[in-house]
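The next block holds one structure in the form of structure tokens; read it before the comments.
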Amino acid sequence: MPMEPLPDLATLSLPEIARLVEERRLPPVDQWNPSHCGDSEMRIASDGTWFYQGSPIGRPAMVRLFSTILRREADGGYVLVTPVEKLTIAVEDAPFVAVEMKAEGDGPDSRLAFRLNTGDLVTAGPQHPLRFAEGPDGPRPYLHVRGAIDAGLEALVARPVYYELADRAIGGAGDVPGIWSDGAFFSFAPATA
């Protein structure tokens, strides 16, 4: 069965994005608990590239398919899971990368939608918060994608998209640099442990 082409984020309104997100049904991976079967021999590099046995997976449709059965375990590890098997997958940083952003509104009325490297669409807000961590190359923003907020799957926000966020924050008012989306404020200050 062929996968639908990825939507062009620039041509969609935020209500259209919300409708597409609502229509997308992911497998209930959090309800599947098969025995661990071994290593998938797969790895997700820090730039979002998926590898199998050391070679990049060149088919975007395969990456999108595998991403739908990805789950983070309680111990912080990642697995690919189906109703009958569970395989470990190595993840160097975050399993997804937010590669594009669409913004509507200003200040508290802002809504920010992101397209991930897998084609998924996510609107930042209370259910999908942004967090900022300090990395060796400066701030590293992450967007919660799915699963439990404290132990789910995240997307690293690509550097060009981070610059778009910073531009919106600089243009905003207030003493604390940050960004609004869907009624929630996300401080640019790195979270403390």
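The values are calculated or read from the model by the stated rules, or taken from the named source; none is laboratory data. Here the structure is a predicted model, which is why all the values come from computation and not from measurement. With ideal geometry, Cβ positions are generated from the backbone for all residues, glycine too; neighbour counts draw on all protein chains shown. Protein only, heavy atoms only, side chains kept; ligands, DNA and RNA dropped before computing areas. Shrake-Rupley method; radii C 1.70, N 1.55, O 1.52, S 1.80 Å.
Restrict the check to the range 81-98 and report whether at least one residue is open to solvent by 50 Å² or more (accessible area, probe 1.4 Å) and over 21 Å from Ser40 (Cα atoms). No, every residue in the range 81-98 fails to be open to solvent by 50 Å² or more (accessible area, probe 1.4 Å) and over 21 Å from Ser40 (Cα atoms). Return yes or no: is Pro95 in contact with a helix residue (DSSP H, G or I) (Cβ under 9 Å, 6 or more places away or on another chain), closer than 21 Å to Ile149 by Cα and either among the aliphatic types (A, V, I, L, M) or touching a residue at least 40 places away in the same chain (Cβ under 8 Å) (or both)? Judged against the criteria, Pro95 is a match. All conditions in (1) closer than 25 Å to Pro28 by Cβ; (2) open to solvent by 60 Å² or more (accessible area, probe 1.4 Å) hold for Gly77, with the sole exception of (2).
Of the residues screened, Asp120 is one that is over 19 Å from Phe51 (Cβ atoms) and touching a Lys or Arg at 6+ places or on another chain (Cβ under 9 Å).
Restricting the first member to the range 131-144 and to residues that are over 19 Å from Met101 (Cα atoms) and part of a strand (DSSP E or B), and the second to residues that are open to solvent by 20 Å² or more (accessible area, probe 1.4 Å) and modelled with pLDDT under 95, the beta-carbon pairs closer than 7 Å and six or more apart or on different chains are Ala133/Arg140; Ala133/Pro190; Ala133/Ala191; Glu134/Pro190.
The set of residues in the range 138-166 being more than 14 Å from Asp47 (Cα to Cα) and out of contact with any strand residue (DSSP E or B) (no Cβ under 7 Å at 6 or more places or on another chain) consists of Gly138, Ala148, Ile149, Asp150, Tyr163, Ala166.
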